[in-house]
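The numbers here are math on the coordinates, done by the rules we state, and not lab data. Predicted, not measured: the structure shown is a model, and the values here were computed from it. We place every Cβ from the backbone using ideal geometry, glycine too, and count neighbours over all the protein chains shown.
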Amino acid sequence: MKNLSRFLAVFTLFLTLSAFTTRSSSTVEGTWIGEYTGIDHSVSFKVHFWQHDGGWRGTISRSNDGSKELPLSWVMLEASRIHFELVQSSGTLVFDGVLRDGMISGDLLYSSLRGTFQLAPDNLSVL
């Protein structure tokens, strides 16, 4: 009986952690809006993430000027951490963030310039 209780406790913990991991991963799927801030300016932008072939893909665009969506070259999601990059001829924008309380925020690196970014879910977008 003691072994059965232990087994059930471990099994319940496994199911709980599995559900949490699935929920954390799926919460980034969709459209996010926000801004990144550098030394002397801020830029509003929009990001869209989706799952594809067991991995993550995404696009990014400036949300205030109607610019076209550009494909992200790399999207990585691990637990609550997210990393995505946009490679351009002028350099690579590197975003390292954390998903916390329904928001994504973190650091931005572009060449030798550093900044921060924040994203919120775009609840008005149609998936």
(1) part of a loop (DSSP other than H, G, I, E, B); (2) farther than 21 Å from Thr27 by Cα all hold for Val43 apart from (1)
Within the stretch 55-86, track down each residue that is out of contact with any Ser or Thr (no Cβ under 7 Å at 6 or more places or on another chain), aliphatic (A, V, I, L, M) and over 17 Å from Phe45 (Cα atoms). Met76
